[in-house]
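Notes for the one structure printed next.
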Amino acid sequence: IHTCSSPDSSPCGGSSSRSTPHSSGRQTILINCPHKAWDLYFPDRAYAGLSNENKLVCAFERHFKEEAANWNLDEIERKRAVQVDYNALMCSEGLLNDVPSLSTITRTNPDMLLNSMGLAAHQVIAGRLSGQDCLASSFPRLNVRLVTYEPATPLKHLKASLYGKLVTVRGTAVRVGNVKPMVTRMAFQCNGCSNVQVHSFYDGKYTIPTRCENSCRSRSFTPLRSSQETQTIDWQTVRVQEIMSDDNREAGRIPRTVECELTADLGCWFSQNL
């Protein structure tokens, strides 16, 4: 479980460009970009060859090409998720040579890391399924799920200082909410020129484009809920209670709990394994 990282954090150095705040929420600048699905993973960042994101994508793509032979493509396509062993990553000499600060990036900027890994896996899998150039952009977005990431953080140590960091927690699920749909991006039609543009929603927060991408610059839009560009994912909340041993039990204190949000395949997995 990791908290939302700051969108401007960039711990591994280098340059990284961003789109302007009034953009549609979808990446549109893909000049000379070798990654056809870039805007699925970095909708608010323009492609740059020297950016941290691109360096990570290229490094993980080289690594995943060696590991992909052991992947179950049918299961990955069904779940739209790839499970990656963190300990195996830290034992890969080639990957560590490409990304010496991998452990630091994992802990301090998990969003950038997981999106980079997802795009790299996307490229490798799409290349294996077909040689068609269009497949990489039509293949669905993949989520990377890290396992064996240690050490576990006790619930009492979950403080503001861990905001934006990747942490592992262990506990007992004492309450499980219903699975609900959450919109991740939606198509909008401009009421001025009928141009259609796609707007991404961060953390499920509904917003509308600030202005039309076309020359009319209109600020009035109609949401296209039935458009193929509109996408939703499963969303679920669970309440996790800490596991207290006899040695760590505090007299007179009820166990601590934390509310967790599960998205996409995590919610389905959790419901099936209760």
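Restricting ALA136, ALA126, ALA121 to residues that are crowded, with 17+ Cβ neighbours inside 10 Å and either under 17 Å from the mean Cα position of the chain (by Cα) or modelled with pLDDT of 95 or more (or both) narrows the list to ALA121.
Scanning the stretch 228-241 for residues that are hydroxyl-bearing (Ser, Thr, Tyr) and at pLDDT 90 or above yields a single hit, THR237. Looking only at the stretch 57-83, residues that are over 18 Å from GLY127 (Cβ atoms) and of a type in the set (A, V, I, L, M) come to 1 in all.
Reported count of residues in the stretch 242-267, each being open to solvent by 60 Å² or more (accessible area, probe 1.4 Å), at pLDDT 85 or above and farther than 23 Å from ASN143 by Cα, is 3. Selection of first residues in the stretch 34-54 that are part of a helix (DSSP H, G or I) and of second residues that are open to solvent by less than 30 Å² (accessible area, probe 1.4 Å) and not aromatic (Phe, Trp, Tyr), restricted to Cβ pairs under 6 Å at least 6 apart or on distinct chains, gives the following pairs, ordered by first then second residue: ASP39/GLN27; TYR41/GLY118; TYR41/LEU119; GLU53/SER116. Within the stretch 157-197, if we keep just the residues that are surrounded by 14 or more Cβ atoms within 10 Å (Cβ to Cβ) and of a type in the set (Val, Ile, Thr), the residue that is farthest from the chain's Cα centre (by Cα) turns out to be VAL196.
Inside the stretch 200-221, can you point out the residues that are within 14 Å of ARG185 (Cβ to Cβ), part of a loop (DSSP other than H, G, I, E, B) and open to solvent by less than 50 Å² (accessible area, probe 1.4 Å)? Of everything in the stretch 200-221, those that are within 14 Å of ARG185 (Cβ to Cβ), part of a loop (DSSP other than H, G, I, E, B) and open to solvent by less than 50 Å² (accessible area, probe 1.4 Å) turn out to be PHE201, PRO209. Among the residues of the stretch 179-201, some residue qualifies, meaning at least one is touching a helix residue (DSSP H, G or I) at 6+ places or on another chain (Cβ under 6 Å) and touching a residue at least 24 places away in the same chain (Cβ under 8 Å).
Here GLU61 meets the list (1) of a type in the set (D, E, K, R); (2) buried (at least 18 other Cβ atoms within 10 Å of the Cβ); (3) free of Cβ contacts under 8 Å to residues at least 12 places away in the same chain almost entirely, failing just condition (3). Taking (1) part of a loop (DSSP other than H, G, I, E, B); (2) at pLDDT 90 or above; (3) open to solvent by 80 Å² or more (accessible area, probe 1.4 Å) in turn, TYR149 satisfies each apart from (3). All conditions but one from (1) open to solvent by 50 Å² or more (accessible area, probe 1.4 Å); (2) under 22 Å from ASP39 (Cα atoms); (3) free of Cβ contacts under 8 Å to residues at least 40 places away in the same chain; (4) outside any strand (DSSP E or B) apply to GLU229; the one that does not is (3).
Test THR104 against the criterion of being out of contact with any Phe, Trp or Tyr (no Cβ under 9 Å at 6 or more places or on another chain), open to solvent by 40 Å² or more (accessible area, probe 1.4 Å) and polar (S, T, N, Q), and give yes or no. Yes: the conditions hold for THR104.
The values are calculated or read from the model by the stated rules, or taken from the named source; none is laboratory data. Given the structure is predicted, the values throughout are model-derived calculations rather than measurements. As a convention, Cβ positions derive from the backbone with ideal geometry for all residues, glycine included, and neighbour counts pool all protein chains shown. Areas reflect the complete protein model, heavy atoms only, side chains present, ligands, DNA and RNA absent. Shrake-Rupley method; radii C 1.70, N 1.55, O 1.52, S 1.80 Å.
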